[in-house]
Amino acid sequence: MRLYTLIGILIVPALGLVPGASVAAPNGAQLFARNCAVCHGADGNGGVGVPLALPSFQSSVPDSYLFKTIRHGRPGRVMPAFTQLSDAQIHAIVEYIRTFAPGKPRHLSDKPVKGDPQHGKQLFAEHCAKCHGARGQGGEGTGVTFSRPRNLPIMPPALNNPGFLGAATDQMIKATLMNGRKGTPMVSFLKQGLSEQDIDDLVAYIRSFQEHPLHPGQKDFKTIKPTIVYDSPYDLKTTVENVKRAAIGRNFKLIRVQYLDQGLVPAGKENTHRVIVYFCNFNFLNQALAIDPRVGLFLPCRVTVVEHHGKVKVYAINPERLSHLFNNYELNKLCDQMHDTYRDILEEATL
Amino acid sequence: MRTARPFTVCLWALSLAAGLWVSGPARADQLLMARSMQAFPEAMLALQESLTHHGYTVSRVQRVDIGLKKMGFKTDKYRVVFFGKPKQVDELASRYPDLIPYLPLKIAIFAEGDNALLVTSSPLQLASFFHHPELKPVFEQWNHDIQAVLDDLRTSD
């Protein structure tokens, strides 16, 4: 009897079953505002993320698709994995997302679709590759107007992405192909003249991407150093001049040269042994912002020259290491390029 | 016509799981982002006020959009706000020079229609870059403060 009482004391409160006690349910609206609105818009009308409020989107995706997408994200396609949220919190967000559009989502079974992937491959090249890419890699860029014009209301999703393949059921993909998505360039392929069997074949081909998932630019980021550092054999002043010359020589425009603590301490009180050289290649900047406007966080380009105990060192962030934060494979290429540029500038300045 | 057999389904499931694991999905908390319902000029002002309120000095604002426009590119308002605590920046730069490229802290702010978006990397990321135990509380404090600043911006109207 005592044992049962003890169990009751320990377990019942933990389950929130004490009469009168209540555990506050997660607030979907608040969670959405905090975690999703920045990309999908406060009203779900889209931004860098897809327009969740679109009725044709809402009606064609089951709750499980939304749940899994939030939980696992889209590796390399900006949408991150919300691993820090509990299941209850994600369910609350899904419930809130459903308030954006009236009506219930179309009921879709979990039954796999059977089709001929070889024929599907042929159809994919004819009908889908133009938007979704030859290998289902999706459209380029980050989405709807994220501070700059885009020519599509949404970015064609990457159908070969493991996050998409894990979240979307065969029946969901089939329904999208059959009905299209009103308000987006995705048309009904039934209306385009394909038969239901053709569509099944397409689904089978899309599902086959799972056998060879693409992971472009995949690397073990943890092994990459966050900072690029070179020792300089020159004095501080000469090294700063060398950095400026090396940057200009690589088509960068010098933005400004300042002390590290300039603006933080009163003018004249700065530590003159830490000098930042800012520079920019506006073509490169514009290209990077078009791929992912969030990357401005690490711009303009900067090299810091530091004299410490008579030794001069030159420092830069390592874009290769930081690219992982953005979850954007397209951006990784530019970050690798920027890493090489920093390395070359630092090498030349300290040669 | 090919049919999906249990073995094939298992193989798919395994390859999918492996795909998600190998690609190490980027976690949402690595970048701190917020949408302010205010227009850009008001959000910019609110950001600087909030940073000051939380004990930071704004050292500079980089006008990225001005530079781009001068070079003939089209862009909406885009700024990077640099901030820090003067004494802390000095001490950290002296003791941990590898941290210098990440100092002072910064938040990118840019217009999206009638709203403004704010982005910064989570200072907790720095803890995975720099393994000095004494730096951990510093990064945690920065993270706490920046989250508070972003909350201010989310709720301001």
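Structural remarks
- Residue that is within 14 Å of another protein chain (Cβ to nearest Cβ), under 31 Å from the mean Cα position of the chain (by Cα) and closer than 30 Å to A:Gly115 by Cβ, where the choices are A:Thr227, A:Thr169, A:Thr176, A:Thr184: A:Thr169
- Selection of segment A:240-252 for residues being crowded, with 16+ Cβ neighbours inside 10 Å and within 14 Å of chain B (Cβ to nearest Cβ) yields A:Val243, A:Phe252.
- Residue under evaluation B:Ser121, criteria (1) at the interface with another protein chain (Cβ under 7 Å from one of its Cβ atoms); (2) in contact with a Ser or Thr (Cβ under 9 Å, 6 or more places away or on another chain); (3) of a type outside the set (Lys, Arg), criterion not met: (2)
One line per residue, one yes/no per condition, for (1) within 30 Å of A:Arg77 (Cα to Cα); (2) touching a Phe, Trp or Tyr at 6+ places or on another chain (Cβ under 7 Å):
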| residue | (1), (2) |
| --- | --- |
| A:Val277 | no, no |
| A:Cys280 | yes, yes |
| A:Ala290 | yes, no |
| A:Arg302 | yes, yes |
| A:His308 | no, no |
| A:Val312 | no, yes |
| A:Asn318 | yes, no |
| A:Leu331 | yes, no |
| A:Tyr342 | yes, no |
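- Only one of A:Asn327, A:Asn286 that is modelled with pLDDT under 95 and crowded, with 21+ Cβ neighbours inside 10 Å: A:Asn327
- For segment A:45-78, a residue qualifies if it is farther than 12 Å from A:Ala168 by Cα, modelled with pLDDT of 90 or more and of a type in the set (A, V, I, L, M, F, W, C), and the qualifying residues are A:Leu52, A:Ala53, A:Leu54, A:Phe57, A:Ile70.
- Segment A:108-131 residues that are within 14 Å of chain B (Cβ to nearest Cβ), paired with ones that are outside any loop (DSSP other than H, G, I, E, B) and of a type in the set (Val, Ile, Thr) (beta carbon under 6 Å, 6 or more apart): A:Val113/A:Val203; A:Gly115/A:Val203
- As a summary of the residue check, A:His119 satisfies the conditions (1) closer than 29 Å to A:Gln197 by Cβ; (2) surrounded by 20 or more Cβ atoms within 10 Å (Cβ to Cβ) except for the one numbered (2).
- One residue alone among A:Asp261, A:Asp201 is surrounded by 15 or more Cβ atoms within 10 Å (Cβ to Cβ), touching an Asp or Glu at 6+ places or on another chain (Cβ under 9 Å), at pLDDT 95 or above and within 20 Å of A:Lys121 (Cβ to Cβ), and that residue is A:Asp201.
- Given (1) touching a helix residue (DSSP H, G or I) at 6+ places or on another chain (Cβ under 7 Å); (2) crowded, with 18+ Cβ neighbours inside 10 Å; (3) within 25 Å of B:Phe73 (Cα to Cα), index of the condition A:Val314 fails: (3)
- Selected residue (criterion: farthest from A:Glu211 (Cα to Cα)) from residues of segment A:105-138 that are assigned to a loop (DSSP other than H, G, I, E, B) and of a type in the set (S, T, N, Q): A:Ser109
- Number of positions in segment B:120-157 that are of a type in the set (Gly, Ala, Ser), assigned to a helix (DSSP H, G or I) and under 21 Å from A:Asn35 (Cα atoms): 1
- Taken over segment A:62-94, the criterion of being of a type in the set (A, V, I, L, M, F, W, C) and within 14 Å of chain B (Cβ to nearest Cβ) is satisfied by A:Ile70, A:Val78, A:Met79, A:Ala81, A:Phe82, A:Leu85, A:Ile90, A:Ile93.
- Filtered by the rule that a residue be surrounded by 13 or more Cβ atoms within 10 Å (Cβ to Cβ) and outside any loop (DSSP other than H, G, I, E, B), segment A:75-89 gives A:Arg77, A:Ala81, A:Gln89.
- Within segment B:82-119, tally of residues that are assigned to a helix (DSSP H, G or I) and within 19 Å of the chain's Cα centre (by Cα): 5
- Count of residues meeting criterion [crowded, with 21+ Cβ neighbours inside 10 Å, in a helix (DSSP H, G or I) and in contact with a helix residue (DSSP H, G or I) (Cβ under 6 Å, 6 or more places away or on another chain)] in segment A:45-71: 4
The values are calculated or read from the model by the stated rules, or taken from the named source; none is laboratory data. This is a predicted model, so every value here is computed, not measured. In this analysis, Cβ positions are derived from the backbone assuming ideal geometry, glycine residues included, and neighbour counts consider all displayed protein chains.
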